[in-house]
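Data block below; observations after.
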Amino acid sequence: MKKQFIYILLATAALTAACSDDKKDEYKPETITNPVTDITVPNVPEDGVLRFESIGQTQQVAATASPANGGDADRYYFEYASSDEKVFTVTEDGTLTTVGPGEAVLTVTPVNNTQLKKTYKVVVLFYITDLQLSTTEVKLNEKEKYDLSLSTTIIPANATYQTLKYASSDETVATVNERGVVKALKGGQTTIMVSTTDGSNISKECTVKVTSWFDRTGWTVDTSARYATGNNYVVDNDTGKPEDILDGDQSTFLSLIKPGRTYAGCTAAKDDPFYFVVDMKESKAFNVLRWKHRYNNSSEGLRAKAITLSGSNDGTNYTVIQENITLPTANYTDLIEIQLPTTTYRYVKVDYTKWDTVNNNTVQCAEFELGNGPKE
Ligand SMILES: [Ca+2]
């Protein structure tokens, strides 16, 4: 009997404890019917990117809870934040205003339920409206480089995407890299196209004309002169020699006596031929000539005024390439480059056809080059 009483006491204690647990259940969270599961921001395109094309533009991005009739929808309120206020600002009530070009992130946070926070990319895009090239034709020598990006101006200067792309119409003549650096490879002409990549589809062209100047190593020169000195040239201090027109030094030169004149013991008769011949040692196609007058000498009378160019492959029979080519003589600093028809010869003969008949006794040529350039 005593034992049974104890059992009853234990059972009562257990029941009391159970009743105590039941009271706690009264504080369970309420069950919300049709709860909010998402938030909605108006006017956001499918890709989630808000795009603008001007500053001072505004857009309402005030969020709402979804579903709108959710049982707890009225508890939702939002905070708005811009990751970069130089791009856009956003007010407490969700008014977005663009400030400047660029990209930034809009964050919309339901303060009562931050797990439903959303972020959107905001792009304020200033399209390029024009590309200006300060030069549309560039002349380069083989192996020379030219940075086209330095002569390209993007309009407006604050366009969002400033990356340009470059392409060469003939990459055997010149290539261009992604930064706009043109590298001349061989004689000829190519067109470099500069284009925008921001979707504005603007392109501009620059013509690049490349000249390959021949390596003159091994070339030889003879002249029409056979003076009493035994030389085919007139000595002028350390220079005056035929090969001095091939040495890359503008202060050394070939010196020949003008017909009917005498100088340094050398005389040329009035009707003597008056020319020199360059032997390239092999037939080469060429279409451009570069001539340099003697450096640092003010006597204009020493400079050839006109020449006739002829070509030969046997050194005997010559064909005129171009007659009476006028050479400017006002100074020795002018870069004289003469465009020629393209011909292929081993020997090139230069006949002097016009010179100063009053002043100075000799005609001097400091540098003579041939090359291959664009056909004009
Ligand atoms: Ca020279």
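The values are calculated or read from the model by the stated rules, or taken from the named source; none is laboratory data. None of these values were measured; they are calculated from a predicted model. Don't worry about glycine lacking a Cβ; one is built from the backbone with ideal geometry, like all the others, and counts go over all protein chains shown.
If you check Val221, Val194, Val235, which single one turns out to be among the aliphatic types (A, V, I, L, M) and either under 30 Å from Ile154 (Cα atoms) or under 15 Å from the mean Cα position of the chain (by Cα) (or both)?
Working: Val221 fails: either under 30 Å from Ile154 (Cα atoms) or under 15 Å from the mean Cα position of the chain (by Cα) (or both); Val235 fails: either under 30 Å from Ile154 (Cα atoms) or under 15 Å from the mean Cα position of the chain (by Cα) (or both).
Exactly one residue qualifies, and that residue is Val194.
Quick check on Glu282: is it surrounded by fewer than 18 Cβ atoms within 10 Å (Cβ to Cβ) and in contact with a Phe, Trp or Tyr (Cβ under 9 Å, 6 or more places away or on another chain)?
So Glu282 fails the test.
Mind listing just one residue for me: the one in the stretch 243-296 that is β-branched (Val, Ile, Thr) and within 18 Å of Thr333 (Cα to Cα) and, of those, farthest from the ligand (Cβ to nearest atom)?
The qualifying residue farthest from the ligand (Cβ to nearest atom) is Ile245.
Restricting to the stretch 351-371, give me the number of residues that are among the hydrophobic types (A, V, I, L, M, F, W, C) and either more than 16 Å from the ligand (Cβ to nearest atom) or not in a strand (DSSP E or B) (or both).
Initial filter on the stretch 351-371 (among the hydrophobic types (A, V, I, L, M, F, W, C)): 355, 358, 363, 365-366, 368, 370.
Narrowing the set further to residues that are either more than 16 Å from the ligand (Cβ to nearest atom) or not in a strand (DSSP E or B) (or both) leaves 355, 358, 366.
The qualifying residues number 3.
So which residues in the stretch 216-228 are away from the ligand (no atom under 13 Å from the Cβ), assigned to a loop (DSSP other than H, G, I, E, B) and surrounded by 14 or more Cβ atoms within 10 Å (Cβ to Cβ)?
Quick first cut of the stretch 216-228, residues away from the ligand (no atom under 13 Å from the Cβ) only: 217-218, 220, 222-228.
Next, only the ones that are assigned to a loop (DSSP other than H, G, I, E, B) stay: 217-218, 224-228.
Of everything in the stretch 216-228, those that are away from the ligand (no atom under 13 Å from the Cβ), assigned to a loop (DSSP other than H, G, I, E, B) and surrounded by 14 or more Cβ atoms within 10 Å (Cβ to Cβ) turn out to be Ser224, Ala225, Tyr227.
The conditions are (1) within 16 Å of the ligand (Cβ to nearest atom); (2) outside any strand (DSSP E or B), and Asn232 fails exactly one of them. Which is it?
(1)
Please go through the stretch 115-140 and give me each residue that is out of contact with any strand residue (DSSP E or B) (no Cβ under 8 Å at 6 or more places or on another chain) and more than 19 Å from Leu164 (Cβ to Cβ), ordered by number.
Gln115
So that you can scan it fast, the table gives a plain yes or no per residue for (1) hydroxyl-bearing (Ser, Thr, Tyr); (2) free of Cβ contacts under 8 Å to residues at least 60 places away in the same chain; (3) loosely packed, with under 13 Cβ neighbours inside 10 Å; (4) not assigned by TED's automatic domain parsing to the domain that holds Met193:
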position: Ile55; (1), (2), (3), (4): no, no, no, yes
position: Gly71; (1), (2), (3), (4): no, yes, no, yes
position: Ser82; (1), (2), (3), (4): yes, yes, no, yes
position: Thr97; (1), (2), (3), (4): yes, yes, no, yes
position: Pro101; (1), (2), (3), (4): no, yes, no, yes
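Can you pull out every residue in the stretch 84-93 that is buried (at least 18 other Cβ atoms within 10 Å of the Cβ) and not aromatic (Phe, Trp, Tyr)?
Initially, the stretch 84-93 is screened for residues buried (at least 18 other Cβ atoms within 10 Å of the Cβ), giving 87-88, 90.
Of everything in the stretch 84-93, those that are buried (at least 18 other Cβ atoms within 10 Å of the Cβ) and not aromatic (Phe, Trp, Tyr) turn out to be Val87, Val90.
Please determine whether any residue of the stretch 195-215 is in contact with a Phe, Trp or Tyr (Cβ under 6 Å, 6 or more places away or on another chain), in the same structural domain as Lys165 (by TED's automatic domain parsing) and either farther than 30 Å from Ser149 by Cβ or crowded, with 20+ Cβ neighbours inside 10 Å (or both).
no
One line per residue, one yes/no per condition, for (1) within 43 Å of the chain's Cα centre (by Cα); (2) not hydrophobic (A, V, I, L, M, F, W, C):
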| position | (1), (2) |
| --- | --- |
| Thr211 | yes, yes |
| Ala228 | no, no |
| Thr239 | no, yes |
| Gly260 | no, yes |
| Glu300 | yes, yes |
| Ile307 | yes, no |
| Ser310 | yes, yes |
| Asp314 | no, yes |
| Asn324 | yes, yes |
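Please specify each residue of the stretch 154-184 satisfying the condition of being within 15 Å of Asp198 (Cα to Cα) and out of contact with any helix residue (DSSP H, G or I) (no Cβ under 9 Å at 6 or more places or on another chain). Quick ask: steps written out before the conclusion?
Step one: filter the stretch 154-184 for residues within 15 Å of Asp198 (Cα to Cα), giving 154-166.
Hits for the stretch 154-184 are Ile154, Ile155, Pro156, Ala157, Asn158, Ala159, Thr160, Tyr161, Gln162, Thr163, Lys165.
Only residues in the stretch 241-263 that are touching a residue at least 40 places away in the same chain (Cβ under 8 Å) and in the same structural domain as Trp355 (by TED's automatic domain parsing) count as the first member; pair them with residues that are within 6 Å of the ligand (Cβ to nearest atom) and assigned to a loop (DSSP other than H, G, I, E, B), Cβ under 7 angstrom, at least 6 apart or cross-chain, and list the lot.
Asp244/Thr252; Asp244/Phe253; Ile245/Phe253; Ile245/Ala366; Gln250/Ala366; Thr252/Ala366; Phe253/Ala366
Return yes or no: is Lys165 surrounded by 15 or more Cβ atoms within 10 Å (Cβ to Cβ) and either in a strand (DSSP E or B) or aromatic (Phe, Trp, Tyr) (or both)?
On the way: surrounded by 15 or more Cβ atoms within 10 Å (Cβ to Cβ): no; either in a strand (DSSP E or B) or aromatic (Phe, Trp, Tyr) (or both): yes.
In short, no.
When you go through (1) buried (at least 16 other Cβ atoms within 10 Å of the Cβ); (2) touching a residue at least 24 places away in the same chain (Cβ under 8 Å) one by one for Tyr233, which number turns out not to apply?
The failed condition is (2).
If a residue has to be crowded, with 16+ Cβ neighbours inside 10 Å and assigned to a strand (DSSP E or B) to count, how many in the stretch 151-162 make the cut? So that I can check it myself, show each step before the final result.
Within the stretch 151-162, the subset crowded, with 16+ Cβ neighbours inside 10 Å is 151-152, 154, 159-161.
Still in the list and also assigned to a strand (DSSP E or B): 152, 154.
Qualifying residue count for the region: 2.
Would you call Leu309 farther than 15 Å from Trp355 by Cα, within 16 Å of the ligand (Cβ to nearest atom) and not aromatic (Phe, Trp, Tyr)? Give the derivation first.
Values: farther than 15 Å from Trp355 by Cα: yes; within 16 Å of the ligand (Cβ to nearest atom): no; not aromatic (Phe, Trp, Tyr): yes.
Considered against the rule, which asks whether it is farther than 15 Å from Trp355 by Cα, within 16 Å of the ligand (Cβ to nearest atom) and not aromatic (Phe, Trp, Tyr), Leu309 comes out as no.
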